[in-house]
Amino acid sequence: MTSAPSFPLLISAVQLQSLQASGRPLMVFDCSFDLAQPSAGMAQYQEAHIPGALYADLDKHLSARPGDPAASGGRHPLPSREAFAAWLRSVGFNNAMQAVVYDRQGVNYCGRLWWMLKWAGHEAVAVLDGGLPVWQAAGGAVQSGSSPVPTAPGDFALQTPLRRLVSVDTVQAQLGSAAQTIVDARAPARFRGEVEPLDPVAGHIPGALNRPFSDNIALDARFKPAELLKAEFDALLAGRDPASVVHQCGSGVSAVPNLIAMEVAGFAPTALFAGSWSQWCSDPSRPCAQGA
């Protein structure tokens with residue numbers, strides 16, 4: 001008898017419906033969020049979410065609180081791996097479970113939880129391709145109300161990290177080296193330094209390449225086909241070693257769709273600079289560039 005398949009990257013709405021029906025240990029997380037209105041994500045969740053899904057709040061659950069141990073800097077510092085594991089246990093998550101994450105914002109926020117679970121050593125975590133809109137279009141059920149209360153604590157234990165976190169010191173030490181190719185996921189105007197709505201300095205890390213995270217998503221709200229993504233990243237890298245890529249954005253959240261898209265395209269896992277521009281520009285001694 002063969003074991004049930006694991007989903008380590010993407011899962012379709014139809015596949016998730018089948019997984020729910022199979023009875024396999026599963027936990028679904030709704031990561032909907034709005035940077036401009038942080039309470040909006042919870043309101044969206046309470047209005048409609050996949051039955052049984054738990055709400056994972058970017059500020060409360062997926063970022064370190066002020067004064068708590070953090071694994072990165074920036075506006076959305078990563079909590080320590082130990083603190084994250086404690087939260088997973090508190091919601092009833094176990095190592096044997098398949099995790100599925102989704103949002104309503106084009107993977108802008110659920111990618112964070114996907115990456116954090118990989119960072120915690122959990123392989124069986126997948127992004128619902130297309131998020132809640134595609135789920136509903138495929139006939140998937142939704143419910144309203146608050147997150148379910150766990151029936152018992154989970155026993156999740158940290159394993160060896162499956163994705164690489166890069167510190168600001170490493171980024172600075174390798175600046176200009178062929179061993180590091182920085183890919184910035186922010187909108188072009190922010191990358192060029194023409195506008196900066198969130199951070200005190202406008203611009204980008206010198207030498208960075210710009211690929212807005214939204215470029216990975218097709219008109220049907222799903223990730224673009226693997227062949228197209230590979231062609232686009234090959235063009236962006238222009239001969240640079242894909243293994244050298246370090247992803248960043250404003251605060252390490254919207255960088256993850258680029259990281260996921262490279263894996264959809266068939267590239268090996270790449271690194272994340274979670275502190276991103278918000279941490280980089282917080283020190284005036286670090287160089288900043290403007291323009292294309």
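Read-outs: derived from the displayed coordinates by stated rules, not from any lab. This structure is a prediction, so every number in the text was calculated from the model and none was measured. Note: ideal-geometry Cβ built from the backbone for every residue, glycine included; neighbour counts use all protein chains shown.
Dipole size in debye (nearest 20) for the chain around its Cα centre, Lys and Arg Cβ +1, Asp and Glu Cβ -1?
In total the dipole reaches around 240 debye.
Just how large is the dipole of segment 169-253 about the Cα centre, in debye to the nearest 20, putting +1 at every Lys and Arg Cβ and -1 at every Asp and Glu Cβ?
The dipole magnitude comes to about 80 debye.
With +1 on each Lys and Arg Cβ and -1 on each Asp and Glu Cβ, how big is the dipole of segment 86-222 about its Cα centre, in debye rounded to the nearest 20? Don't jump to the answer; show the numbers that get you there.
Working: 11 positive and 11 negative charges, 21 e Å.
Here segment 86-222 has a charge dipole of around 100 debye.
Out of Pro212, Gln105, Val264, whose Cα points farthest toward the positive end of the dipole of the chain (charges: +1 Lys, Arg; -1 Asp, Glu; placed on Cβ)?
Val264
Please give me, ordered by residue number, the trypsin sites (Lys or Arg not before Pro) of segment 151-222 that lie in loop per DSSP and have at most 15 other Cβ atoms within 10 Å.
Values: sites: Arg163, Arg164, Arg186, Arg190, Arg192, Arg222; in loops: Arg163, Arg164, Arg186, Arg222.
For trypsin sites (Lys or Arg not before Pro) across segment 151-222 that sit outside H, G, I, E and B with at most 15 neighbouring Cβ atoms in 10 Å, the list reads Arg164.
Taking 30 Å as R0, compute the FRET efficiency from the Cβ-Cβ separation of Gln37 and Gln143 and round it to 0.05.
Values: r = 23 Å, r/R0 = 0.77.
My answer for the efficiency is 0.85.
Among Val246, Val127, rank each residue by its count of other Cβ atoms within 10 Å, from fewest to most, as a rough exposure measure.
On the way: Val246 23, Val127 26.
By the 10 Å Cβ count, ascending: Val246, Val127.
As an exercise, use a Förster radius of 30 Å and the Cβ-Cβ distance of Val14 and Ala268 to find the FRET efficiency, rounded to the nearest 0.05. Mind showing how you got there, number by number?
Details: r = 28 Å, r/R0 = 0.93.
Taking R0 as 30 Å, the efficiency between Val14 and Ala268 is 0.60.
In whole Hz, what ³J(HN,Hα) sequence does segment 46-57 give by Karplus (6.51, -1.76, 1.60; θ = phi - 60°), x for Gly and Pro?
With coefficients 6.51, -1.76 and 1.60, one gets 5, 6, 6, 8, 4, x, x, 5, 9, 8, 10, 8 Hz.
Antiparallel DSSP bridges in segment 10-137: what percent, to the nearest 5?
Looking only at bridges with both residues in segment 10-137, the antiparallel portion is about 10 percent.
Out of these labelled values of Cα extents along the principal axes in Å, (i) 71, 65, 33; (ii) 66, 46, 33; (iii) 52, 44, 36, which was calculated from the coordinates shown here?
Answer label, from the structure shown: (iii).
Averaging over all projection directions, find the projected area of the Cα convex hull of segment 10-137 and quote it in nm² with one decimal place. Intermediate results must be reported in sequence, preceding the final value.
Working: hull surface 30.4 nm².
The orientation-averaged projected area of the Cα hull of segment 10-137 comes to 7.6 nm².
Ratio to report: Rg/Rh of segment 205-292, with Cα atoms as the point set and Rh obtained by the Kirkwood method; give two decimals.
Here the Rg-to-Rh quotient is 0.98.
Provide Asp241, Asp184 in ascending order of the number of other Cβ atoms located within 10 Å of each residue's Cβ, fewest first.
Details: Asp241 11, Asp184 26.
Lowest count first: Asp241, Asp184.
Based only on other Cβ atoms within 10 Å, what is the fewest-to-most ordering of Ser167, Ser32?
Working: Ser167 15, Ser32 26.
By the 10 Å Cβ count, ascending: Ser167, Ser32.
Take the Cβ-Cβ distance between Leu162 and Ala235 as r, set R0 to 25 Å, and report the resulting FRET efficiency rounded to the nearest 0.05. Kindly include the intermediate steps, with their values, before the conclusion.
Values: r = 28 Å, r/R0 = 1.11.
Computed FRET efficiency for Leu162 and Ala235: 0.35.
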